[in-house]
Each structure stands twice: as structure tokens, then as C-alpha cells.
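Data first, discussion second: the structure below is written as C-alpha cells.
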Amino acid sequence: MRILLLVVYYLPSTMSSAKLIHDLAIELQRMGHEPVVVAPDENLKVSEEVEFQNGIKVLRVRSGRIKTASRLMRGLNESRLSEVIWKRGRRFFKENPCDLIIYYSPTIFFGTLVKRLKKLFRCPSYLILRDIFPQWAVDSGILQQGIAYRYLKLKERQNYEAADIIGVQSPANLSYFKRNGLHGSYRLEVLYNWAALNEENTRTGHYRERLGLQGKIVFFYGGNMGVAQDMDNILRLAENMRHEKSAYFLLVGDGSEVPRLKTAIASKGLSNISVNNGMEQQEYLSMLSEFDVGLISLDRGLKTQNFPGKMLGYMYHSMPILASINPGNDLRYILQDRKAGLVCMNGEDNEFAENAGKLLNNARLRLQLGKNARSLLESMFSVTGAAVQILGHFENLNKNG
């Protein structure tokens, strides 16, 4: 089959969705299919561009700023994605008919584009739903239930209605749909996040030496730094451990909270934490491989649940996970049952610091939890399992050639 993969971020972006879709595309290619990736690109100089990455055809379409924009401008530019991609990619779509559309949320604004493409291709679609928006924005206090909220709920519904099947990332997400009376409206299933189990060309970048972190136990956070991640949670942890001379908190990525976070670190005079800009995916994986503990933080107010994509990189490199998450998140039970990390609720600052201290001072514990994390990745979060699960719904589709 020729399979269209539609996503907001694709490599070389360091966003977790870029890596997820890339790994899925490579796996689909390995299985004998023809994946075609379509993604907006705010840095593109021309209106559209087709290139090949790892033998996969990628259409990039110039869009307004999303990742680097203010919250308002990002919303406006995202709301136009379907229109912009359809207008600038129409010729490409006509020349590359597909048998299946797999699209990724966030964003919630692909619904009208997918509906058009399904009509053009006469094919089904699968939505990989990783972010229940706008609900999490309401839970986090950054959105009120007014006109903007109603508009976003409309776009969310259009996004869902364009899908033949929706894959949510945890059993708790199924419960969310049921609590809100939506479980009968859509065909839903749990589709866990995934990762390739054998990365190529992961090189050593000597980041520990370059950053002057020899002799330190480095707690590493990689990925988006936004409201939903509650970066103040990690900042409080660093402040509570400022007297632990061997502990260091290294944060790598981009997001709306980065400027405020850097200002707060400076104002508190913290020397055990730093923020580094995001980087190209291969360099990020190289950096990740050198450090000791993987950090996860989620805002306590979130009522929708997710398994952060950054966790996959931690598990790949056999890193123990230190997590502070929202109540009701399935992630707690999975990590605890498989002894892959130490978990507490956001707001339990003393327990968060105690868990960090256990990992700081016990090399054997770090090693064992890290091995268990890698085993968890292999058994529950493999890209092969995800591809087989998605394709299993569409085995009888005819090829377009």
C-alpha cells in the first residue's frame, strides 16, 4: 500500500511526534509498503518542496510560524494548516494517490484536510491521538470555556470525525471518552507510543565533558517545555536538591516556557540546572545516551492522560525514569509494575526529591531500573507492534500501484 503520513513536525525536528512518525514510516517501508510523509515547515523558503529521507518521499509545505510563535499566532497559523497544505500540495496529492491516511494529533486542525483527501483517494484513515485538546488547556488554566473554546471543540470534533479509527495512547483516554459520552461516537482503541529498537549512527558527542558535567549524576529532560509539562515542578526539584553536589539537571528542548524558566533559574541563583536549545534528532539521541536519569513532568491539573514521547528515548538508552505526573495517569502503574522508574504525583515535592535522592545515591538501583525500562520498551512499545496493529484494520485494501 501507499500510505500517507500527516504530521505537524517531521525530522530534523526534535519534537517527539517527528521521531514517532519517522520510526513508523521506516517500519512501514521495511514491511514492503510505500510511506509518503506530509508536513508543514515554517522555515521553508519556497511554497512546497519534495525530498527523500531514508528513501521515504517527504512533501514539506511552507506554513506560518507554529513552534516559534506566540500562543495566539500559533493558534491562528495552526487553524490554517488544512487549507494551506491542501492548496499548496494539491498537485502532489493528485500525483500520489494513497490507500490509507495515518494522521497525528496534535494538531486538531487536520480534520478538513483528511476529509478532502479521503474523498480524493477513496481510502480510510487512522488518527493517532496523543493529545486531547482543548481539554488539557482548560485543565491547565490557560483557556476559558468561551468562544475560543467552542471553536476549538468544533475543530476537535471534525478531527475525530475524519477518522475511521482513533488510536488513543492509554486506557485512561478510553475512560475519558466514556465519561464524556463519546465512546459510542467513534471507533476507539489503545495504541501505545512506540520506538525503533535499533537506532543507526548514534554517535558519542562527549557532551558530559563539553558541558563540564564529569562526576555528576545528570537528570536529563528532553523535549517540549510548555504549560502542560509544568517546568516549575522540575525547577522546585532542582532547588530542593541544590545542596547535593553531585546532582545536575540538564533540560534540552524548546517551548513557550523556556524564556521564563531561564529567568527563574537566574533569579534563584541555581547552579545545578541549565536549559539547552533543541537540536537535530541524531545529535539529541547522542546527547541522551550519555546521561543517567530520564525526567518526566506533567501538570497536576491535567485530567486527560498521556505517555510523553520523551519516555521512549529514555527507555531505549536503558535510563531509569524519574516522574512527577498528574493524578489518574496510567503511566504510574506501568512504571511501578515493571520497576522501570520512580513515580509520584505533581505537588508531592518531598517525595519527588526523595525519589531523586534514591537514584542519585544508588548506582545499582539506577542500573536495575534502567534495564527494566529497556525491557518495557521492547515488550510494550515497539514500532513493529504499532505498525501491525494499525495495518491489521486495513489488510484487504487494494493497492493504487
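Values in this text are rule-based calculations from the coordinates and carry no lab data. Because the structure is a prediction, the values reported are computed rather than measured. Quick reminder, even Gly has a Cβ in these numbers, built from the backbone with ideal geometry, and neighbours come from all protein chains shown.
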| task | Per DSSP H run of at least 4 residues, take -39500 (n - 2.57); add these up for the chain, divide by its residues and hand me the 222 nm value, nearest 500 deg cm²/dmol. | result | -12500 deg cm²/dmol
| remark: Matching label for the computed Cα Rg over 2.2 N^0.38 Å, out of (i) 1.03; (ii) 0.97; (iii) 1.30, is (ii)
| note | Normalised Cα Rg of segment 1-81, dividing by 2.2 N^0.38 Å with N its residue count, works out at 1.13
| segment 179-288 shape via C-alpha gyration tensor axes, a/c threshold 1.5 | oblate
| request: Excluding residues on the same chain fewer than 8 positions from Lys94, give the lysines whose Cα lies under 18 Å from its Cα. | output: Lys57, Lys115, Lys118, Lys119, Lys399
| Pick from Lys94, Lys339, Lys19: which is most flexible by mean-square fluctuation in a GNM of the chain where alpha carbon atoms under 10 Å apart are linked? | Lys94
| task | May I ask for the equivalent-ellipsoid semi-axes of segment 207-380, computed as the square root of five times each C-alpha gyration tensor eigenvalue and listed largest first in whole Å? | result | 21, 19, 17
| Using a simple spin-label model with points 7 Å from Cα along the Cα→Cβ vector, what separation in nm is obtained for Asp349 and Lys87? | 4.9 nm
| query | With labels modelled as points extended 7 Å from the Cα through the Cβ direction, what inter-label distance (nm, one decimal) is found for Arg260 paired with Arg30? | reply | 4.1 nm
| query | Rounded if a/c is under 1.5, else prolate if a/b is larger than b/c, else oblate: which is segment 149-217, with a ≥ b ≥ c the root eigenvalues of its Cα gyration tensor? | reply | prolate
| request: Mind checking which lysines have their Cα closer than 23 Å to the Cα of Lys358? Skip sequence neighbours fewer than 8 apart in that chain. | output: Lys216, Lys245, Lys310, Lys339, Lys371
